[in-house]
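The values are calculated or read from the model by the stated rules, or taken from the named source; none is laboratory data. Computed from a prediction, not measured in an experiment: that's the story for all the values here. As a convention, Cβ positions derive from the backbone with ideal geometry for all residues, glycine included, and neighbour counts pool all protein chains shown.
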Amino acid sequence: MANPYSGEVSLVIDGREHVLKLTLGALAELEASMKAGSLVDMVQRFETGAYSSSDVLALILAGLRGGGSALDAQALLTADIEGGPMAAARVAAKLLARAFMVPGEA
């Protein structure tokens, strides 16, 4: 079960619940893969709705890595995400928001 107070979000992939978390290392990888100039640029993409499906996948993959999952990019491309693409986008946005949340704001 995910702990929102530590920045975690859960997502069911292929029938199994995974805990996602953006660690500093995961954020650095994410910045590079999304070709974002800064962390603020990444956040603004989601706040303005200017994100792509590859942005959502990159965020979920980074969160999976930060949460300790062994799922890789190839497995994620063919995975069944509970709730479909819109649920994945909501989880990605929530994950990014929680990474920058002040403790106690869950």
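Here are the numbers for the structure shown:
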read-out: Single condition G67 does not satisfy, out of (1) touching a residue at least 24 places away in the same chain (Cβ under 8 Å); (2) surrounded by 12 or more Cβ atoms within 10 Å (Cβ to Cβ); (3) farther than 19 Å from R90 by Cβ; value: (3)
read-out: Considering residues of region 76-94 that are within 24 Å of L24 (Cβ to Cβ) and either out of contact with any Ser or Thr (no Cβ under 9 Å at 6 or more places or on another chain) or not β-branched (V, I, T) (or both) only, the residue surrounded by the fewest Cβ atoms within 10 Å (Cβ to Cβ); value: R90
read-out: Subset of region 75-102 that is modelled with pLDDT under 90 and in contact with a Gly (Cβ under 8 Å, 6 or more places away or on another chain) - its residue that is farthest from F46 (Cα to Cα); value: M101
read-out: Residues that are surrounded by 10 or more Cβ atoms within 10 Å (Cβ to Cβ) and either β-branched (V, I, T) or in a helix (DSSP H, G or I) (or both), drawn from region 42-53; value: M42, V43, Q44, R45, F46, E47, S53
read-out: Residue list for region 65-75, restricted to those being touching a strand residue (DSSP E or B) at 6+ places or on another chain (Cβ under 8 Å) and either part of a helix (DSSP H, G or I) or more than 17 Å from L30 (Cα to Cα) (or both); value: G66
read-out: Selected residue (only one of M86, M101 is touching a residue at least 60 places away in the same chain (Cβ under 8 Å) and aliphatic (A, V, I, L, M)); value: M101
read-out: Residue that is nearest to the chain's Cα centre (by Cα), among those in region 39-96 that are small (G, A, S) and under 12 Å from H18 (Cα atoms); value: G63
read-out: Positions within region 1-52 being more than 14 Å from G66 (Cβ to Cβ), in contact with a strand residue (DSSP E or B) (Cβ under 9 Å, 6 or more places away or on another chain) and not hydrophobic (A, V, I, L, M, F, W, C), in sequence order; value: D14, E17
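Here is a yes/no grid of residues against (1) surrounded by 13 or more Cβ atoms within 10 Å (Cβ to Cβ); (2) part of a helix (DSSP H, G or I):
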residue	(1), (2)
E17	no, no
E29	yes, yes
A32	no, yes
V40	no, yes
V56	yes, yes
L59	yes, yes
